[in-house]
Every structure is written in C-alpha cells, then in structure tokens.
1. Counting only C-alpha contacts under 8 Å and six or more residues apart, can you give the relative contact order of the chain as a whole percent?
2. In the set (i) -0.62, -0.73; (ii) -0.81, -0.90; (iii) -0.48, -0.59, which value of log10 I(q)/I(0) by the Debye sum over Cα atoms at q = 0.10, 0.11 Å⁻¹ was calculated from the structure you see?
3. Where the only charges are on Cβ atoms (+1 Lys, Arg; -1 Asp, Glu), what is the dipole of the chain about its Cα centre, to the nearest 20 debye?
4. How high is the FRET efficiency from K42 to Q173, r the C-beta distance, R0 22 Å, rounded to 0.05?
5. Scan the chain and report its longest stretch carrying no GluC sites (Glu not before Pro) that are both in a DSSP loop and have at most 16 other Cβ atoms within 10 Å.
6. Considering the dipole of the chain built from charges on the beta carbon (Lys and Arg +1, Asp and Glu -1) around the Cα centre, which of F55, F231, G70 is farthest to its positive end?
Amino acid sequence: MERLTLPPGGAAAVDEYLEYRRIVGDDDGGKLFTPEEYEEYKRKVVPMRLQNRLFVSWRSPTGMDCKLVGPETLCFCTHRYKQHKTDFEVLPQQRPIDLPCRVSGCLCRAYHYVPLNGTQPIRCRCKHLADQHSAAPGFTCNTCSKCSGFHSCYTCACGQPAYAHDTVVETKQERLAQGKPVGRDVPYAAVGGLTGFSSLAEGYMRLDDSGIGAPSVEVLDAPVTAMDHPFLKALREPSSSSARTLADGNAVGTSSQMSSLRRPEEDDMAFFERRYQERIKMEKASKQKGKAPLPSATKPS
C-alpha cells in the first residue's frame, strides 16, 4: 500500500483548501482565486449567506422532513444541489422559491428532490426511471409518449408515497416559525437543510423537530418488556423475580450479556483482556466440572 506523506505545514494547507472549497464551491470556474480575490469574495458573499440562507427539505404530508438536502444531494435533473442557484442578495418574495440549475444546457428551472431506491433512481408509473424523464417543467418521459409527467408510487420510509411529498425551500424565519431546527449560521455554499450530523439520517430516525421528534417522558419512563431491544433488556435493573432467578442459577444468559458489554472506564485492550480472562476461567471451570468424581454407591451392609 502506498504511503502518503506531507511536508511540514502540509496538513494545514489541506485544511485551508477544504475550507476554500466549502466557501467558494464552483464559483471560481475551476481556477483558484488569488488571495486578494478570495478575500474580496468572502467580503461580498459570506454576509449574504449568513443572512439569507435557504433551507431545503423533502417534506411528507404529515410535516416531517423526510430528507434534508445538502450540497451533494441530487436533483431530478441529475445535478447536485450545489450546482443550483443558492445565493440571493435579496430573498425572493414569491412562493415557492425556485432554485434553477446553473449547469449549461440544463432545462431544470427549480430544484426538485427525487428519492433513490437504494442506489437506483425510482420508476414512474410509465415504468421508466426518473433520469429517463425531461428536467423541464412537467417532467415528461423521453422514452414513451403515454406519460403525462413523472409520477411515482414509491413509498418513503415514513409510509407516504413519493408523489405526496413536496420539495420545500424556506427561509430561516419561516423554519423557526414552525419550530424546526436551523443550526448555526455558516459561511459555506449550498448547505441547504443540513444543521448537524442528525440531518444525515432519515426523517423517521431523527429525534429532533425536523424528524419524528423526541420520545415522550411516558415512553422513556416505561418499563422494559420482552418486546424491547436486547440491549435495553440487558441493562435493565433486576426485579425481585429476576433476583430469585439469579439465586437459582438460571440467569447465566443475562450475566453473560452484561459481561459482554464494555464498561465506561475500559479502553479497547482492557475490555479484550477482561473477556479473555473470563473465557479462560469458564474453560477451567468446565474442565473441573467434567473431572468431578461421581457419587459413590451405597456399600452393602
């Protein structure tokens, strides 16, 4: 395997380039700005982004943001969100806000998110894939003439069909009015709806206001039952009945589950060493049990 080495200060230079790319994006036309041009660009663009950021999400009829759009998220036109117009000196007043594609020759007039079925595009009711349709308004099929526009019955993880969802572009104030998270103001290009690491998860898995929401106190305080995850069952406090079971020697499975969990103060080596020593003890105990003498028969009188 080839080893990559950096000269002194090389790591800092890589970090600076990544910061430059996040801020500038494709606005330099493929040719790096000079330091003077870079500073002028930041002076002009960064305050505008901090004030006029647009949040983009794919929202279900129930109001849940099933997908939060980021810089690399694909549009129906097969181009990424960062390749659309995302910076505005003055926020548009009309609704919905259109974010046209900036790629030369693309017919896309507004960013439109379409989910993927795994890694593949979803199919229309005409049975052709999404990328076989035109990116122009109407989304007609390029392969057949019977399609009146892209319409997919693909079901989202939230349980609602794709055609019932909407691509929503909204301002920070509009999002705050709905009680949805907005994260921190950042100077980066085309951040979209991303506000943190939880934004990368599906809507039903996010425990913030942009997803299914945090569980209620009643759910958190409910007792652990047989239907819960084995991890929760392994960590629950033993009841009186389970204590009696332990006394009878029938809770080996539970104790082994507890033993297999890493303790808070343990590092990797300590955890593996403890598990190794426990295995050695169990093997010795099983051998001694196998060699134990059988009870002697009653001697005749």
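No value in this document is a laboratory result; all are computed from the given coordinates. These numbers come from a predicted model, not from an experiment. So basically every Cβ, Gly included, is an ideal-geometry build from the backbone, and we count neighbours across all protein chains shown.
1. Numbers: 349 pairs, mean separation 52.8, N = 301.
Contact order relative to length: 18 percent.
2. Comparing each candidate, only (ii) matches the computed number.
3. Details: 40 positive and 36 negative charges, 280 e Å.
About 1340 debye.
4. On the way: r = 25 Å, r/R0 = 1.12.
With a Förster radius of 22 Å, E is 0.35.
5. Numbers: sites that count: E2, E72, E89, E202, E265, E266.
In short, 90-201.
6. Farthest towards the positive pole: F231.
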